[in-house]
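What follows is one structure encoded as structure tokens, with my remarks underneath.
The values are calculated or read from the model by the stated rules, or taken from the named source; none is laboratory data. Because the structure is predicted, anything quoted here is derived from the model rather than measured. When we count neighbours, we look across all protein chains shown, and the Cβ atoms used for this are built from the backbone with ideal geometry, even at glycine. The accessibility values were calculated without ligands, DNA or RNA, using every heavy atom of the protein model including side chains. Shrake-Rupley method; radii C 1.70, N 1.55, O 1.52, S 1.80 Å.
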Amino acid sequence: GRILEALEARGMAENTWVFYSADHGEMLGDLGLFGKSVPYEPSMHVPLLAAGPGSARGAVCRAMVEMSDLNPTICRLAGLPAQPGIDARSFHECLADPDAPHRSEIVSALRRWRCIRTARHKLVHNWNAASEFYDLEDDPGERHNLAEADRPPPAPGDAMERRLYAREAASPHGGPHA
């Protein structure tokens, strides 16, 4: 609040955007884990707050956004062209309308895993070849891996796997499956 108040007092609030975020979430005992480098929801979710001219004050947006999406969003708000060659999309519509659609899925990766997540499902590929598949609607705590060997492979996971590999292959930086 004090930053926004200072911008208002200086007459700068009508042409200034403020973004606050972090580069990772945190496992604070969730699933018995501590730290940040795992593909589970508490670690993958990060705070992202935005305030600026025309933004929906106090609104909560549930759109799935990747950290790379900040770049084209800020460029658009500043009247600059999007930076070429990055796998990112502006979420500027969500700033004024928290119900605006953005992405139907997001990808995330770290040293030992890659994942793709929709509003309902998450598929994780670990470097040890073990896969994880969660129905986040039925199992928001990610306690029941539907990709375990004693279960039939979930159909949505196959399509998600193809999209994960396609997204990595299309990335300007490639990926382990490119």
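Overview of values
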quantity: Failed condition for Leu80, given (1) hydrophobic (A, V, I, L, M, F, W, C); (2) open to solvent by less than 70 Å² (accessible area, probe 1.4 Å); (3) in a loop (DSSP other than H, G, I, E, B); (4) closer than 24 Å to Ala170 by Cβ; calculated: (2)
quantity: Count - residues of region 14-36 that are out of contact with any Asp or Glu (no Cβ under 6 Å at 6 or more places or on another chain), outside any strand (DSSP E or B), under 30 Å from Cys75 (Cβ atoms) and open to solvent by 40 Å² or more (accessible area, probe 1.4 Å); calculated: 6
quantity: Yes/no for Ser90 being open to solvent by 80 Å² or more (accessible area, probe 1.4 Å), at pLDDT 90 or above and over 24 Å from Asp30 (Cα atoms); calculated: no
quantity: Single unsatisfied condition, Pro39 versus (1) under 15 Å from the mean Cα position of the chain (by Cα); (2) of a type outside the set (Phe, Trp, Tyr); (3) open to solvent by 60 Å² or more (accessible area, probe 1.4 Å); calculated: (3)
quantity: Scope region 42-66; condition outside any loop (DSSP other than H, G, I, E, B), of a type in the set (Gly, Ala, Ser) and more than 13 Å from Phe91 (Cβ to Cβ); matching residues; calculated: Ser43, Ala51
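So that you can scan it fast, the table gives a plain yes or no per residue for (1) over 25 Å from Tyr134 (Cα atoms); (2) in contact with a strand residue (DSSP E or B) (Cβ under 8 Å, 6 or more places away or on another chain):
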position	(1), (2)
Tyr40	no, yes
Ser43	no, yes
Gly54	yes, no
Cys61	no, no
Glu66	no, yes
Ile74	yes, yes
